[in-house]
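K.L.:
Pasting in a structure now, in C-alpha cells, and then I'll have a few things to ask.
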Amino acid sequence: KEIVVKEVKTGKTYPETYDKLILSPGAQPIRIPTPGLDEATNVFTLRNIPDTDKIRTFVDEQKPKTAAIIGGGFIGLEMAENLVERHVDVTVIDLANQILAPLDFEMAKLAQNEMENHGVRFELETVVSEFKDQGRTLILKGGKMVQADMVIMAIGVRPENALAVSSGLKIGPRGHILTTKTLQTIDARDDS
C-alpha cells in the first residue's frame, strides 16, 4: 500500500500511499542478442515518438543510402515504405516465409510484390547471425551479406516488466505480469 516516488528533476524520493495501484508499464522493443550488435552504431528500434525522432534525425543528417529492416510486420514495412520515399535502398529481413504474418500467404505475397515493384528487396526465411563493421554489414544465416548504412529492428515487443520484477510480482512465461481472474497481481512468493 505504499510506493517510493522519485522526482526526475530533483532526484528527491518520498513515500506515497495508495488504495489501488494500476500497473500499465507497456512494452519494450525486442533486440535479439546477436554477435556484433553491441558495437553497432546505426541500429534503431521503433516504439515511440522519440524513437521516430532519432530515426528521422539520422536519415536527415547522415543521408543513408541503404537500410536493412529486421522484421516484415506492419511497423517494419511502414518503415520500409517511408525510407523508400526518402530514396533509401531497403532490404527487409524476416525469419518467416512471408511478410505480414497475420495475413494469409496469398495476400502477403501481393503486398510483397507491390513493395518489390518499388525497389524493396526481401530476405525471407533467414535471420541476422552477426553484425560487422559497427552494424554496416549484416551476415545472414547461410553467409549472405547485406550492406546497410542503417538498421531498424522491428521484430516486435515484449512486456516492460522491470518494475513488476523488482517489486516481487509473479511473471508469466512470456514476461507478462500474472494476475488473478479479478486482475489483481500475484506476489512471486505466493505458490497459488
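The values are calculated or read from the model by the stated rules, or taken from the named source; none is laboratory data. The shown structure was predicted, so the numbers you read here are calculated from the model rather than taken from an experiment. Glycine also receives a Cβ, built like all others from the backbone with ideal geometry; neighbour counts cover every protein chain displayed. Just the protein is used for accessible areas: all its heavy atoms, side chains included, with ligands, DNA and RNA removed. Shrake-Rupley method; radii C 1.70, N 1.55, O 1.52, S 1.80 Å.
K.L.:
In Å², and per residue, what accessible area does the chain have when probed at 1.4 Å with the other protein chains present? Don't skip to the answer; put the middle values down first.
P.N.:
On the way: 12590 Å² over 192 residues.
Value for the chain: 66 Å² per residue.
K.L.:
If the cut-off is a Cα-Cα distance under 20 Å, which aspartates and glutamates reach Lys9, setting aside same-chain residues fewer than 8 apart in sequence?
P.N.:
none
K.L.:
Here's something else I'd like to know. Where the accessible area of the range 33-192 is counted over protein heavy atoms with a 1.4 Å probe, how much of it, in %, is carbon and sulfur? Walk me through the numbers before you get to the answer.
P.N.:
Details: 5140 of 9700 Å².
That fraction is 53 percent.
K.L.:
List, in the order given, every pair from Lys20/Lys170; Lys1/Lys170; Lys20/Lys181; Lys54/Lys141 whose Cα-Cα distance in the structure shown is over 20 Å. Please report the intermediate quantities before stating the final value.
P.N.:
Working: Lys20/Lys170 18 Å; Lys1/Lys170 17 Å; Lys20/Lys181 16 Å; Lys54/Lys141 29 Å.
In this structure, Lys54/Lys141 lie more than 20 Å apart at Cα.
K.L.:
Oh, and also: Just to confirm the number: angle between the C-alpha axis of helix 105-117 and the first principal axis of the chain, 0 to 90 degrees, nearest 10?
P.N.:
Tilt of helix 105-117: around 60 degrees.
K.L.:
Based on Cβ point charges of +1 for Lys and Arg and -1 for Asp and Glu, what charge dipole magnitude is obtained for the chain about its Cα centre, in debye rounded to the nearest 20? Write down the numbers at each step before the final one.
P.N.:
Numbers: 23 positive and 28 negative charges, 99 e Å.
The calculation lands at about 480 debye.
K.L.:
Compute the long axis of helix 74-85 from its Cα atoms, compare it with the longest principal axis of the Cα atoms of the chain, and write down the angle in degrees, 0 to 90, nearest 10.
P.N.:
40
K.L.:
Counting Lys and Arg as +1 and Asp and Glu as -1, what is the net charge of the other residues whose Cβ lies under 11 Å from the Cβ of Gly36? Don't jump to the answer; show the numbers that get you there.
P.N.:
On the way: positive: Lys132, Arg136; negative: Asp38, Glu39, Glu130, Asp133.
Combined, the nearby Lys, Arg, Asp and Glu give -2.
K.L.:
If the cut-off is a Cα-Cα distance under 19 Å, which lysines reach Lys144, setting aside same-chain residues fewer than 8 apart in sequence?
P.N.:
List returned: Lys132.
K.L.:
Applying the Karplus parametrisation 6.51 cos²θ - 1.76 cosθ + 1.60 with θ = phi - 60° to the phi angles of the range 47-54, what ³J(HN,Hα) value in whole Hz is obtained for each residue in order, glycine and proline being reported as x?
P.N.:
9, 8, 4, x, 4, 4, 4, 5
K.L.:
Can you pull the one-decimal nm distance between simple spin-label points at Leu183 and Phe58, each 7 Å off the Cα toward Cβ?
P.N.:
Label at Leu183, label at Phe58, 3.6 nm between them.
K.L.:
Where a Cα-Cα gap under 20 Å defines reach, which aspartates and glutamates qualify for Lys12, not counting those fewer than 8 residues away within the same chain?
P.N.:
Within reach: Glu2.
K.L.:
Rounded to the nearest 5, what % of the DSSP beta bridges within the chain are antiparallel ones? Don't jump to the answer; show the numbers that get you there.
P.N.:
On the way: 18 of 34 bridges.
Roughly 55 percent of the beta bridges in the chain run antiparallel, per DSSP.
K.L.:
Which far-off residues, 5 or more places away or on another chain, put their amide H under 5 Å from the one on Thr66, with H placed in the peptide plane?
P.N.:
Amide H neighbours of Thr66, under 5 Å, 5+ apart: Asp89, Asp149, Met150.
K.L.:
With a cap of 14 neighbouring Cβ atoms within 10 Å, and only residues DSSP puts in a loop, list the trypsin sites (Lys or Arg not before Pro) found in the range 45-146. Could the numbers behind the result be given before it?
P.N.:
Details: sites: Arg47, Lys54, Arg56, Lys65, Arg86, Lys109, Arg121, Lys132, Arg136, Lys141, Lys144; in loops: Arg47, Lys65, Arg86, Arg136, Lys141, Lys144.
Of the trypsin sites (Lys or Arg not before Pro), the ones in loops of the range 45-146 whose Cβ has at most 14 other Cβ atoms within 10 Å are Lys65, Arg86, Lys141, Lys144.
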